[in-house]
């Protein structure tokens with residue numbers, strides 16, 4: 001996979017909330033449709049509204065998260081949410097038409113650098129089933145499987161993954177790749 005050098009990753013602003021919500025909705029409903037039933041997709045990403053989008057953005061920031069957006073020719077084509085204090089990436093979404101073109105890889109690399117810059121070495125991700133292969137291709141190891149339960153009781157199967165960014169972890173990853 002080649003990186004998308006024309007993609008610019010920057011911190012999101014409140015003014016980006018509507019575009020982020022719209023991108024989340026289309027990404028979930030198009031890229032995860034073969035992995036989850038419709039009721040899970042609807043609960044996971046309901047029809048976006050400006051009020052809800054702004055509330056979710058503000059809540060993420062209040063939790064100490066950093067939201068990044070990936071832009072291509074001035075348009076948001078991806079976003080991610082990283083929680084430096086929790087060693088966690090909680091979101092990495094790409095516009096369906098940009099899937100498998102390096103946007104997600106570029107965005108994930110920026111989030112990993114954010115965590116490394118905060119002195120974090122082990123990154124945790126709770127990923128949707130459709131994103132598992134994306135993360136494992138980029139060095140994440142599956143650590144388990146579980147469920148995310150929405151407020152209304154709807155259950156969504158997820159995969160837990162980790163990546164060790166410490167020098168020893170990166171050496172181990174290079175060795176694993178050579179032997180596969």
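Candidates in segment 51-70 are the residues that are crowded, with 18+ Cβ neighbours inside 10 Å and touching a strand residue (DSSP E or B) at 6+ places or on another chain (Cβ under 7 Å); of these, the one that is farthest from residue 121 (Cα to Cα) is 57.
Of the helices (runs of 4 or more DSSP H) lying entirely inside segment 1-107, those containing at least 1 residues that are more than 15 Å from the chain's Cα centre (by Cα) and at pLDDT 95 or above span 17-31, 38-44.
Inspect segment 53-62 for any residue being out of contact with any helix residue (DSSP H, G or I) (no Cβ under 8 Å at 6 or more places or on another chain) and touching a residue at least 60 places away in the same chain (Cβ under 8 Å) and give the result as yes or no. No, the conditions are met nowhere in segment 53-62. With respect to the conditions (1) within 25 Å of residue 138 (Cβ to Cβ); (2) without any contact (Cβ under 8 Å) to a residue 24 or more places away in the chain, residue 42 falls short on a single one, namely (1).
Criterion applied to 129, 138 was being within 18 Å of residue 35 (Cβ to Cβ) and surrounded by 13 or more Cβ atoms within 10 Å (Cβ to Cβ), and the one residue passing it is 129. Considering segment 88-126, and only residues there that are surrounded by fewer than 16 Cβ atoms within 10 Å (Cβ to Cβ) and touching a helix residue (DSSP H, G or I) at 6+ places or on another chain (Cβ under 6 Å), the residue that is nearest to residue 23 (Cα to Cα) turns out to be 96.
The values are calculated or read from the model by the stated rules, or taken from the named source; none is laboratory data. Note that this is a predicted model, so its numbers are computed, not measured. A quick note on method: Cβ atoms are made from the backbone with ideal geometry, for glycine too, and the neighbour counts reach across all protein chains shown.
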